[in-house]
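What follows is one structure encoded as C-alpha cells, with my remarks underneath.
The values are calculated or read from the model by the stated rules, or taken from the named source; none is laboratory data. Here the structure is a predicted model, which is why all the values come from computation and not from measurement. Cβ atoms come from the backbone with ideal geometry, glycine included; neighbour counts cover every protein chain shown.
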Amino acid sequence: MNNIRLTQYGNGGGCSCKIPPGELEDLVAGLPRTPSGAPGRLLVGIEHGDDAAVLQVGERDTQAIVATTDFFTPVVDDPYDFGRIAATNALSDVYAVGGEPVIALNLLGWPRDVLPLELAREVLRGGSAVTQAAGCHLAGGHSIDDPHPKYGLAVTGVADPDRLLRVDAGEPGLPLTLTKPLGIGVLNTRHKATGEVFPEAIAAMTTLNRDASRAALAAGARCATDVTGFGLLGHLYKLARASGVSAVVDSAAVQYVEGAREAVRDGYVSGGSRRNLDWIAPHCDFGDLPETERLLLADAQTSGGLLVAGEIPGFPVIGELVPRREDVLILK
C-alpha cells in the first residue's frame, strides 16, 4: 500500500477540480432562491458566491446557523494527509464567514475494487484528526462506490449574525490581508507529476483558518473570503465586484511557499489555474507583471488562507481596496 499513489486515481486534484468560475456562475444563474414561507432569514446565500450559507432562524436569535460542504479528489498521495487536507479545507468555509464549526459529516467516494479499503480508513482517520483539533463533532456521513477517490465534509457551524465576514462588505481605504502563502497549487501539480513531497505546502494546507478568522473578528473586520480554487485574483475579484470597489495588489508583498516559483518556472501549472487567469484577465490591469507572476497570483489553491479586508496583526498586508475604477483589479 505504501507504493500506491492516490493522485494517479483522479482527474485534477484538490480545489483545482472546481468547475471554472465563469461556467459556475452561468450554471447557478437564475436558480430559485429562498422559497416563500421558508423558516428563518437567509443572511448569506449564493448571490455573491460567499463561502457558506448563513441562516438566522429567529429575528431575536443571537446565533445563526452556518452550512457548507466541500470535497475533492486526492491532492497528495499520502491518504492520511489527504484526509487532513480535505477536512481542513471544508472547515475553512465556516471560518471564512466568521463562524465556528460544531458538527461535520464525512463524504467519501471510493473505488472499492481498485484501491484497498485500508487506505480509505486512513483518509477518514486524517479527517477525524482535523475535526478533533477543531473541537468539531464528526458523526457519520455518506459513502459511495466511485471510480475516483473523493473525500470531504458537510459542515454545520454557528456564527453571530451581527458579526459576519461577507464578500460584499468591503469599503474603499481598507487594507487587504492574506493569512497563508500562495503557491500551493503549482507544488501540488508538481507532486502529482513527480511524486516529490513538499512538507511546507502540506503544513499550510492542514493549518486551520480558525485563528485567522477569530483575529479578523477581533480586529473588527466585516469582509473576507478564503482563497481556494479560483486563486487569489479570482476570489479577490469576486469580493471587489460584490462590494462595488476595486482592489490594488502589491505583488511584491505576496508571500509564497518555498519552491513555488521554481515549480511555475518549470511548467507545473494546472489547467484550473490557467482558466482562472483567462477568466480574470479582462478585469485586470497587470501593468508589466510577467506571466509567471500572473500565474502564481491566479494559482488554484487548496485549503488556502483567508483574504481579509482589514489589517490583521501578524499577517502580511498585500494591498488595499479603492473606489471603483474601470479595472476591478490593479496589480503593482
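For segment 159-189, which residues satisfy the criterion of being among the small types (Gly, Ala, Ser) and crowded, with 22+ Cβ neighbours inside 10 Å? Break it down stepwise before answering.
Taking segment 159-189 first, the residues among the small types (Gly, Ala, Ser) are 159, 169-170, 173, 183, 185.
If the condition is that a residue be among the small types (Gly, Ala, Ser) and crowded, with 22+ Cβ neighbours inside 10 Å, then Ala159, Gly170, Gly183, Gly185 are the ones that fit.
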- Query: Looking at Thr156, is it among the polar types (S, T, N, Q), surrounded by 23 or more Cβ atoms within 10 Å (Cβ to Cβ) and either modelled with pLDDT of 95 or more or under 28 Å from Leu6 (Cα atoms) (or both)?
  - Reply: no
- Message: Just the residues that are buried (at least 17 other Cβ atoms within 10 Å of the Cβ) and either over 21 Å from Ala260 (Cβ atoms) or of a type outside the set (A, V, I, L, M) (or both), please, taken from segment 312-329.
- Response: Ile312, Phe315, Gly319, Glu320, Leu321, Val328
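Each row is one residue, and each column tells you yes or no for (1) surrounded by 17 or more Cβ atoms within 10 Å (Cβ to Cβ); (2) farther than 13 Å from Leu307 by Cβ; (3) out of contact with any Asp or Glu (no Cβ under 8 Å at 6 or more places or on another chain).
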{"residue": "Gly220", "(1), (2), (3)": "no, yes, yes"}
{"residue": "Ser246", "(1), (2), (3)": "yes, yes, no"}
{"residue": "Arg261", "(1), (2), (3)": "no, yes, yes"}
{"residue": "Tyr268", "(1), (2), (3)": "yes, yes, yes"}
- Item | Verdict on Arg121 being assigned to a helix (DSSP H, G or I), more than 22 Å from Arg210 (Cα to Cα) and not aliphatic (A, V, I, L, M) | yes
- Test result for Tyr237, surrounded by 18 or more Cβ atoms within 10 Å (Cβ to Cβ), out of contact with any Phe, Trp or Tyr (no Cβ under 9 Å at 6 or more places or on another chain) and among the aromatic types (Phe, Trp, Tyr): no
- Exclusive hit being modelled with pLDDT of 95 or more, hydrophobic (A, V, I, L, M, F, W, C) and more than 15 Å from the chain's Cα centre (by Cα), set Val94, Val66: Val66
- Note on the structure: Those residues of segment 249-282 that are closer than 28 Å to Val44 by Cβ and over 21 Å from the mean Cα position of the chain (by Cα) come to a total of 1
- Task: Check whether at least one residue in segment 195-213 is modelled with pLDDT under 95, under 25 Å from Tyr268 (Cβ atoms) and touching a Gly at 6+ places or on another chain (Cβ under 7 Å), and report yes or no.
- Result: no
- Could you tell me whether segment 190-210 includes any residue that is within 26 Å of Asp278 (Cβ to Cβ), among the aliphatic types (A, V, I, L, M), surrounded by fewer than 18 Cβ atoms within 10 Å (Cβ to Cβ) and more than 17 Å from the chain's Cα centre (by Cα)? yes
